[in-house]
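S.K.: My questions will all concern the structure given below.
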Amino acid sequence: MAYAYLFKYIIIGDTGVGKSCLLLQFTDKRFQPVHDLTIGVEFGARMITIDGKQIKLQIWDTAGQESFRSITRSYYRGAAGALLVYDITRRDTFNHLTTWLEDARQHSNSNMVIMLIGNKSDLESRREVKKEEGEAFAREHGLIFMETSAKTASNVEEAFINTAKEIYEKIQEGVFDINNEANGIKIGPQHAATNSTMGGSQGGQQAGGGCC
Amino acid sequence: MFGRSRSWVGGQGKSKNIHSLDHLKYMYHVLTKNTTVTDHNRNLLVETIRSITEILIWGDQNDSSVFDFFLEKNMFAFFLNILRQKSGRYVCVQLLQTLNILFENISHETSLYYLLSNNHVNSIIVHKFDFSDEEIMAYYISFLKTLSLKLNNHTVHFFYNEHTNDFALYTEAIKFFNHPESMVRIAVRTITLNVYKVDNQHMLHYIRDKTAVPYFSNLVWFIGSHVIELDKCVQTDEEHKNRGKLSDLVAEHLDHLHYLNDILTINCEFLNDVLTDHLLNRLFLPLYVYSLVTQEQTEDRKINPQVSLYLLSQVFLIIHYQPLVHSLADVILNGDLSVFTLQTEQSAHKSSSNAGVRRFTKPLESLERSLEMSRQRGRKRAQKRPNYKNVGEEEEEKRGSDEGPEEEKEKAKGTEASSKASRTSGDKEEIEMVVMEKCRISDVSTLTEQNITDEEKSAAAAARSEGQKSRPFLDMLYSALDCDTEDYQALFVLCLLYAMSHSKGINPELLERIQLPVPSQERNTYSQVLVERVIRIMSQAAQPDGKVRLATLELSCLLLKQSVLSGSQCIIKDIHLACLEGAREESLHLLRQFYKGEEIFLDMFEDEYRSMMSKPLNVEYLMMDASILLPPTGTPLTGIDFVKRLPCGDVERTRRAIRVFFMLRSLSLQLQGEPETQLPLTRPEDLIKTDDVLDLNNSDLIACMVVSKDGVQAQRFLAVDVYQMSLVEPDSKRLGWGVVKFAGLLQDMQVSGVEDDSRALNIIIHKPTSNPHAKPMPILQANFIFADHIRCIIAKQRLAKGRIQARRMKMQRIAALLDLPVQPSTEVLGFSQPSVTSSLPFRFYDQSRRGPAFASVDKVPGFAVAHIAQHNSTSSSSSVSPSSSGPPDSCDSLTASNTSTQSQTGLALAPSLTPAPQPTISLLSDNDAETLSVESLTLLPPADPPRLRSFSTQSSIQDEDEVANTSRPEDDCTGVRDAQSQDISIIPEEDESSPESGPLLAGETEDLMQAQREEPVTQPEADSMGVLANQEDNPDLEEETAID
């Protein structure tokens, strides 16, 4: 399927904050969130539409690579957007945000759009980090902020799509050099001929959607 | 909750609960009915595979019987069957996603073993997917990455087959090491690292013997190709247009170095040997180091010396693996060109292999082909010797018996030797692996010999005095430190020396042999060559048109400190210290030229100090910045950080002069073991802080209501101190005392009236920030409402006056610091005199100091003008001589303009005493000038006689200097005024031309030393500096500092 742009995202944050679940939740609607099943994935892609343009999001989870410095820094550099995730029921994951952010800022290109996500908003009773704290942190560091729940799918769409919108706006403003693929942005193939067979997870998604 | 999860099952839902064994059985049924993929059943199959994933994960978390069923029915085989039918992208993607999810989410070790047990996974790994499809590629490589994260000493057996010499996970992955998509390359690196991390000797032996040479040689070639592209990018750059691309290439190089370092840090010794050999002999030496000395473009694959210096610095900053960096440093510091030529001869008779030269060449075959060949070979060998294990053991035995204890003894050198030996590995060999084996043998035979050579060499080096041995690379480094025309290369050389001296992998002895500074190491000598060159950089930086960037200067200071500070002792020789003092003195002169009374000068001065203290140079970050690879530029339009380029315009030149002065001053104080007593201008510990309790008896307090921006109101008393305004509330314990609720610097304050309320003032105090990009952050932004408009006016006047006085006092401290004459104290102390604050026009204070066009209030020279105009009978000036900011060679025109000023003011003042015109930036608007004259009437008392004295002092010294220097018309002018005895010696700017032009000669230094001895630099004369002395005695006035 042809796209106008491809945006590469990475998901960062402490282990266990639900990064891969968010990713699966967003990229594949067929996996419905169920309370007795935790399921995630480390890579996913999905097509969205912004401003009438087809935009493909490719999302890479960076989990498990923290021990290698070369890997983290490369990941940051190759992405146009980053979702920085913490768990609202675990204060420590919020406290580590500064470190994550420093890392991201140091290694990424300066235009990378970072969205702060407080995940597990469904677990209100176990909340340890107030929403206002997340908002304040985001404001202080110039991030977009949202609380999501991979379990209930609340705000998941918005988180990914708003990030994409911000990147898209930056492209329109000419901030991103779109001819430079190292920025995590790719211009789509001009012709969709090679993609005549409908496919990809977005195809699967449609198929899945059909089953609903 | 439960219901929702089921909704999608829709039509096919025979089972009520999709997460159940029953449902899996149903899915199995679907698979058996649809073994062939057709257009009709494709969607059904995809959905079936997808839901099987879900059930399996659920089973792993909830019900193990699910897994049993999956294995029992061998359902993986169905997947493979579907895959092999070339069923198209749609199905492939689904299968890969399923596999990804399966391996990602499985938490039980046993479930994992089940999944891996029947080799299906390996069949999937080697399946030829359509990798031209970016999504398939991405899912595939993620799948491999997920698998690699599951590798450990147990699971590795499912992937690495000792008997068939197969390790598909690894070999398939590395084939994509140079994939155009960066995320794929990153995944490949992750996979390789995860593999090397597994401590399984057999597997690692396999990796080394069958894949290491092909992979590393191709990797090294890949890195080198990027380097050549990077170099081309630098060469072809015009007007900094290539910066975007350049920074990517630099980042790519850094990625590679970090990756190499990650491999080396895993510390798998025999892999490291191979990698070190390739890096050293195929990349770093032939491409980077060789490029340092070759002038002519003989080889087309040469890169520029500056690029090579830059890249080498990165190597030393990032990689710390001892055998690698030590050998590399040894060549750079001790080696000569024979490392490139001799090798041919040596290897010629040592090995039949003919291509032993250290050369950056392309591997003869692609990685994929090498792997294929090696695999086939492995198969053949496997037939002969069924168990690879034996091979490894045999080899090791042989090595052990041959080398024995010698190897251990020479472990450090071993790699070097082995790498030298394996240099014989031929490019023309068909399979590099074979070469590798040959090397191992020749390795053994050459080892002893090589060692002797090495020892001889080092012995010889020690015997001979420094410098006698030919060291072309080191010579190149030292000569590149010359900054006469530019500091393009010098910056890189300093970085390289810094990086080498900080490298954990370099034996300190190596550095000490050529007296390079090793941090935290006791020593009593230092490299004179280096120190002299570094001091010369400092001296050049202090020249008005010096081409030394601030980063270069800062790094020079770092290296000098490292060289001459041994523990707490400074071992610098007097002569070098004298040269350094000379440079510092020059920087002082340079700054004096820029000293202006303008408000912005104070802000710049304090801002530069904050920046210097808060952001010390980080060499690693500096060497990550691609922009310094392009020739140094002056324009800020490039977006290059100020410290990494030359100044542009007068403001930046001023900033630079300030910073150079700070750096050299701090260096000089540190080397002489003296504490800094004058900087920062305000120390935080001297300031009033929130919650301090003050005795406010007899203080002027004005009651007011403070209404902050968000509407919070508080009743407070406003008190104005020397440097600060504070808001207090009465102390409950002691009458007449107050608790400070807020304190802010007057100098950062903005006061304005409130339009429709004559009783109110709007006050904003900004936080001083060292980051010029940050928005000015107000620490206070509030409306102050007073009882009536009279009190309001009083408050306004007091604040405004306080602001001016606070700033003026600081300016005077700067003047004192620069050994410039300071205004008499009365006006400063006069702050408390009520008469002073009488008739000031408000509009004057409404201007924001951060407002546009440097709205300037507090100009010392400005005052002088006004003052002279009013009291032209007195020949005193309250001003210092802010001589022109132009270069010294323009002194003739300067004199002319000075004279004209003189005639205008109608005074018989020496030209140097009259305020010089400020040709470059005029910060004086008409409006300000008018205000100033009004103010000066009320503020400035007639000047004291001592002023005259100190001024003529200055002239007299200038006069005296004339004797030494050739006389100039300007000096003649000043000389006329010489009537008083000299108390202060200020080396006039005329002096600067001499150190600038000549090299650091001993004689000159002596002269400077003389001058310094005569002049108590840091102790201003009592009469002219009375103010200062006064201030220092008076703790109330001493309070000054920047709030941070």
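S.K.: Scan segment A:102-112 for residues that are farther than 15 Å from A:Tyr9 by Cα and surrounded by 19 or more Cβ atoms within 10 Å (Cβ to Cβ) and jot them down. Spell out the reasoning first.
M.R.: As a first pass, look at segment A:102-112 and keep what is farther than 15 Å from A:Tyr9 by Cα: A:102-103, A:106.
Matches in segment A:102-112: none.
S.K.: Any idea which residue in segment B:61-76 is surrounded by the fewest Cβ atoms within 10 Å (Cβ to Cβ), counting only those that are more than 14 Å from chain A (Cβ to nearest Cβ) and of a type in the set (D, E, K, R)?
M.R.: Filtering segment B:61-76 for residues more than 14 Å from chain A (Cβ to nearest Cβ) gives B:64-65, B:67-76.
Within this subset, residues satisfying the condition of being of a type in the set (D, E, K, R) are B:68, B:72-73.
On the way: B:Asp68: 13, B:Glu72: 10, B:Lys73: 15.
Looking at residues that are more than 14 Å from chain A (Cβ to nearest Cβ) and of a type in the set (D, E, K, R), I get B:Glu72.
S.K.: Could you check how many residues of segment B:77-103 are over 17 Å from B:His29 (Cβ atoms), in a helix (DSSP H, G or I) and more than 14 Å from chain A (Cβ to nearest Cβ)?
M.R.: Summing the residues that are over 17 Å from B:His29 (Cβ atoms), in a helix (DSSP H, G or I) and more than 14 Å from chain A (Cβ to nearest Cβ) in segment B:77-103 gives 3.
S.K.: If you don't mind, another one. Return the only residue of A:Lys29, A:Lys53, A:Lys8 being touching a helix residue (DSSP H, G or I) at 6+ places or on another chain (Cβ under 9 Å), basic (Lys, Arg) and within 7 Å of chain B (Cβ to nearest Cβ). Explain how you work it out, then say what you get.
M.R.: Values: A:Lys29 fails: within 7 Å of chain B (Cβ to nearest Cβ); A:Lys53 fails: within 7 Å of chain B (Cβ to nearest Cβ).
Exactly one residue qualifies, and that residue is A:Lys8.
S.K.: Here's a follow-up. For B:Tyr139, only one of the following conditions fails: (1) more than 14 Å from every other protein chain (Cβ to nearest Cβ); (2) modelled with pLDDT of 90 or more. What is its number?
M.R.: (1)
S.K.: While we're on this one: Could you check segment B:162-185 and list, in sequence order, the residues that are in a helix (DSSP H, G or I) and either within 28 Å of B:Gln201 (Cβ to Cβ) or of a type in the set (D, E, K, R) (or both)?
M.R.: Within segment B:162-185, B:Ala168, B:Leu169, B:Tyr170, B:Thr171, B:Glu172, B:Ala173, B:Ile174, B:Arg185 meet the criteria.
S.K.: In this structure, is A:Thr89 in contact with a helix residue (DSSP H, G or I) (Cβ under 7 Å, 6 or more places away or on another chain), at pLDDT 90 or above, surrounded by fewer than 24 Cβ atoms within 10 Å (Cβ to Cβ) and away from chain B (no Cβ under 11 Å)? Even if it seems obvious, please write down each step before you answer.
M.R.: Values: in contact with a helix residue (DSSP H, G or I) (Cβ under 7 Å, 6 or more places away or on another chain): yes; at pLDDT 90 or above: yes; surrounded by fewer than 24 Cβ atoms within 10 Å (Cβ to Cβ): yes; away from chain B (no Cβ under 11 Å): yes.
Against the criterion (in contact with a helix residue (DSSP H, G or I) (Cβ under 7 Å, 6 or more places away or on another chain), at pLDDT 90 or above, surrounded by fewer than 24 Cβ atoms within 10 Å (Cβ to Cβ) and away from chain B (no Cβ under 11 Å)), A:Thr89 qualifies.
S.K.: Moving on to the next point. Within segment B:581-599, does at least one residue satisfy the condition of being closer than 21 Å to B:Ala816 by Cα, part of a loop (DSSP other than H, G, I, E, B), more than 20 Å from the chain's Cα centre (by Cα) and among the aromatic types (Phe, Trp, Tyr)? Don't jump to the end; show me each part of the working.
M.R.: First, pick out the residues of segment B:581-599 that are closer than 21 Å to B:Ala816 by Cα: B:581-599.
Still in the running and part of a loop (DSSP other than H, G, I, E, B): B:595-598.
Still in the list and also more than 20 Å from the chain's Cα centre (by Cα): B:595-598.
Those left that are additionally among the aromatic types (Phe, Trp, Tyr): B:595.
Taking every residue of segment B:581-599 in turn, at least one turns out to be closer than 21 Å to B:Ala816 by Cα, part of a loop (DSSP other than H, G, I, E, B), more than 20 Å from the chain's Cα centre (by Cα) and among the aromatic types (Phe, Trp, Tyr).
S.K.: Which one is surrounded by the fewest Cβ atoms within 10 Å (Cβ to Cβ), of the residues in segment A:56-82 that are hydroxyl-bearing (Ser, Thr, Tyr) and at the interface with chain B (Cβ under 7 Å from one of its Cβ atoms)?
M.R.: Taking segment A:56-82 and keeping what is hydroxyl-bearing (Ser, Thr, Tyr), we get A:62, A:67, A:70, A:72, A:74-76.
Next, from what is left, pick out any that are at the interface with chain B (Cβ under 7 Å from one of its Cβ atoms): A:70, A:74-75.
Values: A:Ser70: 24, A:Ser74: 28, A:Tyr75: 27.
It comes out as A:Ser70.
S.K.: Hey, which of the helices (runs of 4 or more DSSP H) in segment B:483-555, taking only ones fully inside, have at least 3 residues that are without any contact (Cβ under 8 Å) to a residue 24 or more places away in the chain?
M.R.: Details: elements: B:488-502, B:508-513, B:528-541.
Fully inside segment B:483-555 and qualifying: B:508-513.
S.K.: Could you tell me which numbered condition B:Ile303 fails, if it satisfies all but one of (1) surrounded by fewer than 18 Cβ atoms within 10 Å (Cβ to Cβ); (2) assigned to a loop (DSSP other than H, G, I, E, B); (3) of a type outside the set (Lys, Arg)?
M.R.: If we test B:Ile303 against (1) surrounded by fewer than 18 Cβ atoms within 10 Å (Cβ to Cβ); (2) assigned to a loop (DSSP other than H, G, I, E, B); (3) of a type outside the set (Lys, Arg), just (1) comes out false.
S.K.: Among the numbered criteria (1) within 11 Å of chain A (Cβ to nearest Cβ); (2) surrounded by fewer than 23 Cβ atoms within 10 Å (Cβ to Cβ), which single criterion is violated by B:Glu47?
M.R.: (2)
S.K.: So B:Tyr259 passes all but one of these: (1) away from chain A (no Cβ under 14 Å); (2) buried (at least 23 other Cβ atoms within 10 Å of the Cβ). Which condition number does it fail?
M.R.: Among (1) away from chain A (no Cβ under 14 Å); (2) buried (at least 23 other Cβ atoms within 10 Å of the Cβ), the lone unmet condition for B:Tyr259 is (1).
S.K.: Note down all Cβ pairs under 9 Å where the first residue falls in segment A:170-190 and is in contact (Cβ under 8 Å) with a residue 24 or more places away in the chain, the second is surrounded by fewer than 16 Cβ atoms within 10 Å (Cβ to Cβ) and part of a strand (DSSP E or B), and they're at least six residues apart or on different chains.
M.R.: A:Ile178/A:Ile187
S.K.: For segment A:158-168, check the following and say yes or no: at least one residue is farther than 23 Å from A:Gly52 by Cα, in contact (Cβ under 8 Å) with a residue 40 or more places away in the chain, crowded, with 16+ Cβ neighbours inside 10 Å and more than 12 Å from the chain's Cα centre (by Cα).
M.R.: Kept after step one, since they are farther than 23 Å from A:Gly52 by Cα, are these residues of segment A:158-168: none.
No; the residues of segment A:158-168 include none that is farther than 23 Å from A:Gly52 by Cα, in contact (Cβ under 8 Å) with a residue 40 or more places away in the chain, crowded, with 16+ Cβ neighbours inside 10 Å and more than 12 Å from the chain's Cα centre (by Cα).
S.K.: Does B:Phe70 qualify as being among the aromatic types (Phe, Trp, Tyr) and either over 50 Å from the mean Cα position of the chain (by Cα) or in a helix (DSSP H, G or I) (or both)?
M.R.: Working: among the aromatic types (Phe, Trp, Tyr): yes; either over 50 Å from the mean Cα position of the chain (by Cα) or in a helix (DSSP H, G or I) (or both): yes.
Here the answer is yes, as B:Phe70 does meet what is asked.
S.K.: For segment B:234-252, state whether one or more residues are away from every other protein chain (no Cβ under 14 Å) and in a helix (DSSP H, G or I). I'd like the intermediate steps shown before the answer.
M.R.: Filtering segment B:234-252 for residues away from every other protein chain (no Cβ under 14 Å) gives B:234-240.
Pick out the ones that are also in a helix (DSSP H, G or I) and you get B:234-235.
There is at least one residue in segment B:234-252 that is away from every other protein chain (no Cβ under 14 Å) and in a helix (DSSP H, G or I).
S.K.: Is it the case that segment B:646-653 has a residue that's over 21 Å from B:Gln593 (Cβ atoms), touching a helix residue (DSSP H, G or I) at 6+ places or on another chain (Cβ under 9 Å) and outside any loop (DSSP other than H, G, I, E, B)?
M.R.: Here is the first cut: in segment B:646-653, the residues over 21 Å from B:Gln593 (Cβ atoms) are none.
No, there is no match, as no residue in segment B:646-653 is over 21 Å from B:Gln593 (Cβ atoms), touching a helix residue (DSSP H, G or I) at 6+ places or on another chain (Cβ under 9 Å) and outside any loop (DSSP other than H, G, I, E, B).
S.K.: Of everything in segment A:153-212, what is modelled with pLDDT under 65 and in a loop (DSSP other than H, G, I, E, B)? Give them in sequence order.
M.R.: Initially, segment A:153-212 is screened for residues modelled with pLDDT under 65, giving A:190-212.
Within segment A:153-212, A:Gln190, A:His191, A:Ala192, A:Ser196, A:Thr197, A:Met198, A:Gly199, A:Cys212 qualify.
S.K.: Please go through segment B:142-154 and pick out each residue that is hydroxyl-bearing (Ser, Thr, Tyr) and at the interface with chain A (Cβ under 8 Å from one of its Cβ atoms).
M.R.: Matches in segment B:142-154: B:Ser142, B:Thr146.
The values are calculated or read from the model by the stated rules, or taken from the named source; none is laboratory data. Because the structure is predicted, anything quoted here is derived from the model rather than measured. Reconstructed Cβ throughout: ideal geometry from the backbone, glycine too, with neighbour counts over all protein chains shown.
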